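Since the structure comes first, as structure tokens, the remarks are kept for the end.
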Amino acid sequence: MRIGILGTGAIGAELARVFSAGGHEVAVANSRGPETIDADVLKFGAQAVTAADAVQNKDVVVLSVPFFKVQEVAGLFASVPSETVVIDTTNYVPLGAWNVPIEGVGQGQADSVWVAEQLERPVVKAWNAVLEATLKTRGVPAGTPGRIALPVAADSDEARDVAMRLVDETGFDPFDAGKLADSWRQQPATPAYCTELTLDQLGPALQAADQEKTPAIRDRQLQYLASLPSLPSLDEIVELNRSLHR
């Protein structure tokens, strides 16, 4: 497929590497220009392009910019055909300079519903509930025992199917997480968020999410992580995320 990726942060950069290594035609862009994109992101054949070019003539566009930058790139999607599948990997994480209230978000509206409103088009929610290190090191072939599962939410069955196939290509079992309005169940500090669950475990975890309690749990966790002298290991972060819901 022809895949455009907006954003070269942890998730966007890794998806660019995986998809280009898998034979897809990948174009990747950031906010600073194609000449600033690290060669490591392009090592399997992805092409560095402008943000405008990254969304044109694509089968799939992956939106992987910081949540608070979504409005800055929304205008790029005005000319993107309706059949293009747009996948949103972002999360609302009010931390530090980005601790900016957004009406609706955090008060019950799912992050990706807000994103879809800004883009004025449907989106799929995927790869938002996986840590960078998990995505880079723990993807395995389909059928491997204990394979980690990732939730995928969308209002279009066809678009969800495309995203689920791509999630599988990145080394994880895709889980149909239902409609976009329910994607709050895979947002930060929920039982399904970055807890490295299997396909059998993920469904119950999504159902166990508590919409009223989650924002307070998220904020306490962010404060705790910010107080640490150094970033915990991957296993420590996963264990912390799991412990929030015991």
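Write out, first by first residue and then by second, each pair whose Cβ atoms fall under 6 Å of each other, whose residues are 6+ apart or on separate chains, and whose first residue, in segment 165-191, is among the polar types (S, T, N, Q) while the second is surrounded by fewer than 23 Cβ atoms within 10 Å (Cβ to Cβ).
Going by the 6 Å Cβ cut-off, the qualifying pairs are T170/V18; T170/G139; T190/A209; T190/T214.
So, of the residues in segment 107-132 that are assigned to a strand (DSSP E or B) and under 15 Å from the mean Cα position of the chain (by Cα), which turns out to be farthest from A159 (Cα to Cα)?
Start the filter on segment 107-132 by keeping residues that are assigned to a strand (DSSP E or B), which leaves 109, 124-125.
Next cut, under 15 Å from the mean Cα position of the chain (by Cα) only: 124-125.
Working: V124: 7, K125: 10 Å.
This residue is K125.
Any idea which of (1) open to solvent by less than 50 Å² (accessible area, probe 1.4 Å); (2) modelled with pLDDT of 95 or more; (3) in a helix (DSSP H, G or I) is the one L150 doesn't satisfy?
Answer for L150: the failing condition is (3).
Do the conditions hold for T198, that is, is it surrounded by fewer than 17 Cβ atoms within 10 Å (Cβ to Cβ) and under 17 Å from the mean Cα position of the chain (by Cα)?
Against the criterion (surrounded by fewer than 17 Cβ atoms within 10 Å (Cβ to Cβ) and under 17 Å from the mean Cα position of the chain (by Cα)), T198 does not qualify.
Under the condition of being more than 20 Å from the chain's Cα centre (by Cα), of a type in the set (S, T, N, Q) and part of a loop (DSSP other than H, G, I, E, B), which residue from segment 201-239 is surrounded by the most Cβ atoms within 10 Å (Cβ to Cβ)?
S233
Kindly evaluate K179 against the criterion of being within 22 Å of A154 (Cβ to Cβ) and out of contact with any helix residue (DSSP H, G or I) (no Cβ under 6 Å at 6 or more places or on another chain).
yes
Taking D155, is it modelled with pLDDT of 95 or more, of a type in the set (D, E), outside any helix (DSSP H, G or I) and more than 25 Å from P94 (Cβ to Cβ)?
Against the criterion (modelled with pLDDT of 95 or more, of a type in the set (D, E), outside any helix (DSSP H, G or I) and more than 25 Å from P94 (Cβ to Cβ)), D155 qualifies.
When you check G12 against the structure, is it touching a strand residue (DSSP E or B) at 6+ places or on another chain (Cβ under 9 Å) and free of Cβ contacts under 8 Å to residues at least 24 places away in the same chain, yes or no?
For G12, the condition - touching a strand residue (DSSP E or B) at 6+ places or on another chain (Cβ under 9 Å) and free of Cβ contacts under 8 Å to residues at least 24 places away in the same chain - is not met.
The values are calculated or read from the model by the stated rules, or taken from the named source; none is laboratory data. This one's a predicted model, so the numbers in the text were calculated from it and none came from an experiment. Heads up, the Cβs are rebuilt from the backbone with ideal geometry, glycines too, and the neighbour counts pull from every protein chain shown. SASA here: full protein model, heavy atoms, side chains in, ligands and nucleic acids out. Shrake-Rupley method; radii C 1.70, N 1.55, O 1.52, S 1.80 Å.
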